[in-house]
Every structure is written in C-alpha cells, then in structure tokens.
Amino acid sequence: MNIVFLNTLEKETGEHRVVSAQVSIGEEQGIWNVFWNEPDNKGKPQQAHWYQGMSWDEMLSTFRQGLKEKIRGGFRPIVSSDLESAQALSGKARITQMLTYYCEEHPNEEVFEKLRTWRREQAAREGKAPYILATNRVLRMISVFLPQSKEELQQIPGFGEQKTGMYAGDVLKLTAESTRTNSFPLDWVPKNVDVVKFEAWLLAQKEQKLRMELDREASKRKLLEIASRGGSLADLQADLTMPRRELLLWVEELDREGYDLDPLVEAELVSIPEEEQIKAWNAFESEGDRYLKPVLQRMGGTEGLKGKELDRAYEWLRLLRLRFRKEKENVNTQAAS
C-alpha cells in the first residue's frame, strides 16, 4: 500500500507524559484507506481502520470527522496538516490568501481577459511560457484592484520590482481603461472579507490541493505499472488520458527519481531505425544533452519535419536521452571508482 498522507499527533496525559498517535491515508489499486494508530493503556500499538473504499469524498469526510474527534479529545498535530484551519496562516501569507479570495468573489472578467490576451502575446514574443510572466492569480488581482502606477502595481503579490520594470507600461495601459472604486494600499481588504466564508474557502482550496496530489500519486503509480510491463506512450495516454507531452515530463521526472523506465524506453525506440539512434547518440556526445534542438540539427536538421513528425522526433530523442544520461552516469561512476 502506498502511504500518501501521514501526520503525527500528541496528547498530554498528565504527570509529564505524552501519548503519540498517527493518522494516515493510503491507496492501493484504487482503494482508499484511513488508519488511526494509537497505543493502549499498556503502550501496545493499536490500529483503528476508519475507512476503506473507492470514494474520495467519503474517505475525506471520514478522515476529517475522525480527526476532529481526536482533536476534541486533546490530540494536537506536531506538523500543521493541509486540512487544518486557515488560522494556521498568519502575516503576509494570510493577507495574500485574503486578496485572492476577495478577487474571486469580486471578479472583473473584462479586464482579466484583456490581461490574459496581453500575456499570451507577450509570452509568444519572448518565447516563454505565459505563467512565467504572471500567473492567473496575479492577473486576477490586477484586474480587480486596477493599479494605476508602478508603485501600486508593485503592491500586487507576485508582481515585484523586476516584472514591474519590464511590463508596467503595457499592464497600466490596460488598467487605466477602467474606472476603479477601491484604493491603494490594500489594507482595507481584510476588513471587507467575511472570515467564516474565507476559512471555508481556504479549507476547500487545501482539500483540492491534497486531492490533486493524491490523484497525481495514483497516476504516477499507474504509469510505473504500465511502463514496467513494456507499455508504450500510446498505452499510457489511453489509460491516463493525458497529453503525451505531459506524460514525457512525468517519465523524465520519475527517471530522475531513480525508477526503472527502460522497458518503456525500449518499447518506444523499437520503431526507430538503428542508424538514426546512432546518429542521435553521436550528436548527444558532440552537442551535449541539455538541449534537443542542436542534436536534431546535428542529425540533419528539421527542414523535412513538420507537425506530428517533428513532435515524434523530439519524443524519441527525449527518451533516448534518458538512456544516454544513464550510460554516461555509469561511465563516470566506474571512472571514479
């Protein structure tokens, strides 16, 4: 069973004694389990099985209810859990979350869409991913609070001095087109937030984040299972319903973590002519393995490759690179020893 969540709690019992317990969430072949481990009066470990089933919502509800009862009984988590109250936040982090919540409750879709269009076009000009310029959360804040100067723009969390210097002209031109009813600084926002609703929203955000992490872990394990039996990217895509590019990123990540992806690499490279693989290997040795474009150019360029053919070329080169890096690492290890 794969443990995807674990937290330790303690309870003072008097006479300077402390009882330690653990709550955990595990998943195996789509079955969720919630366990509570607590020693009895004689110190012998006892395990309570709170939940077993396939429903995420039922599992989470049982987990939360059981944890609340234990906290009422005096247990306190050693490490703050993702499912605890928003009161755990303080200072700048809490204010930033309140700003985010306020913007979701008072959206300005017209300006937000204009900012998204600007970001997409600017990112294309710079050859960057759009989120590097600004995340949706930052754009949402700008669209709601409508800064009118560089000084005000810098008060938006996530849009600091450097980005202000680069993009203030374009952004402020868009915000100036709308009339705002609020003001800077933004210290008025917490006073206008319903704390009860805010905490409920924040808890929902944390639960969603945990759910995404658990779903991600389940998908990664499925990927490893399919890869271990020699499945291909097409098999992974059919089973996980994910874009091939995202699957390749996961494969590279799992390879860095030390998992054996050789069967998957072999399954994908079997259709690539040996002479092409040799060319690519030699290109990796001469051009390095950091970037793939110089490798592909060394092999003969990309003039005859377009669309899916070009995508496919980059796919198998990324997989061959995994093999190349592993071989290089083995050679370096042997040389060092």
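Would you mind getting the accessible area per residue of the chain, heavy atoms of the protein chains only, 1.4 Å probe, in Å²?
Computed with neighbouring chains in place, this is 59 Å² per residue.
Using 7 Å Cα-to-Cβ label points, what is the residue 270/residue 13 separation (nm, one decimal)?
Placing both labels 7 Å along Cα→Cβ, they lie 5.9 nm apart.
Across the chain, where is the longest run that never hits chymotrypsin sites (Phe, Trp or Tyr not before Pro) in a DSSP loop with at most 16 other C-beta atoms within 10 Å? Mind showing how you got there, number by number?
Numbers: sites that count: 188, 259, 291.
Answer from the scan: 1-187.
With labels modelled as points extended 7 Å from the Cα through the Cβ direction, what inter-label distance (nm, one decimal) is found for residue 113 paired with residue 249?
Calculated label separation equals 2.7 nm.
Give the longest segment of the chain that steers clear of GluC sites (Glu not before Pro) in DSSP loops with at most 12 neighbouring Cβ atoms within 10 Å, not counting the sites themselves.
16-176
Of 68/191; 70/209; 279/326; 163/206; 11/70; 163/209, which sit over 20 Å apart, Cα to Cα?
Numbers: 68/191 29 Å; 70/209 23 Å; 279/326 18 Å; 163/206 28 Å; 11/70 9 Å; 163/209 27 Å.
With Cα atoms farther than 20 Å apart: 68/191; 70/209; 163/206; 163/209.
Among rounded, prolate and oblate, which fits the chain when a ≥ b ≥ c are the square roots of the eigenvalues of its C-alpha gyration tensor, a/c under 1.5 means rounded, and a/b larger than b/c means prolate?
Note, shape of the chain comes out oblate.
Ignoring ligands, DNA and RNA, please state the percent of accessible area on the chain from carbon and sulfur, probe 1.4 Å. Can you show the working numbers first?
Details: 9550 of 19990 Å².
The value for the chain is 48 percent carbon and sulfur by accessible area.
List the trypsin sites (Lys or Arg not before Pro) in the stretch 203-268 that DSSP assigns to loop (not H, G, I, E or B) and whose Cβ has at most 12 other Cβ atoms within 10 Å. Which are they?
On the way: sites: 206, 209, 211, 216, 220, 221, 222, 229, 244, 245, 256; in loops: 229.
Hits after loop and neighbour filter: 229.
Can you pull the one-decimal nm distance between simple spin-label points at residue 225 and residue 123, each 7 Å off the Cα toward Cβ?
Going by the 7 Å Cα→Cβ label model, 3.3 nm.
What does DSSP give for the chain in terms of the percent of beta bridges that are antiparallel, rounded to the nearest 5?
Details: 28 of 28 bridges.
Roughly 100 percent of the DSSP beta bridges within the chain come out antiparallel.
The values are calculated or read from the model by the stated rules, or taken from the named source; none is laboratory data. In this text, all values refer to a predicted model and were calculated from it rather than measured experimentally. For neighbour counting, all protein chains shown are included, and Cβ atoms are generated from backbone atoms with ideal geometry for every residue, glycine included. Accessible surface areas use protein heavy atoms only, side chains included; no ligands, DNA or RNA. Shrake-Rupley method; radii C 1.70, N 1.55, O 1.52, S 1.80 Å.
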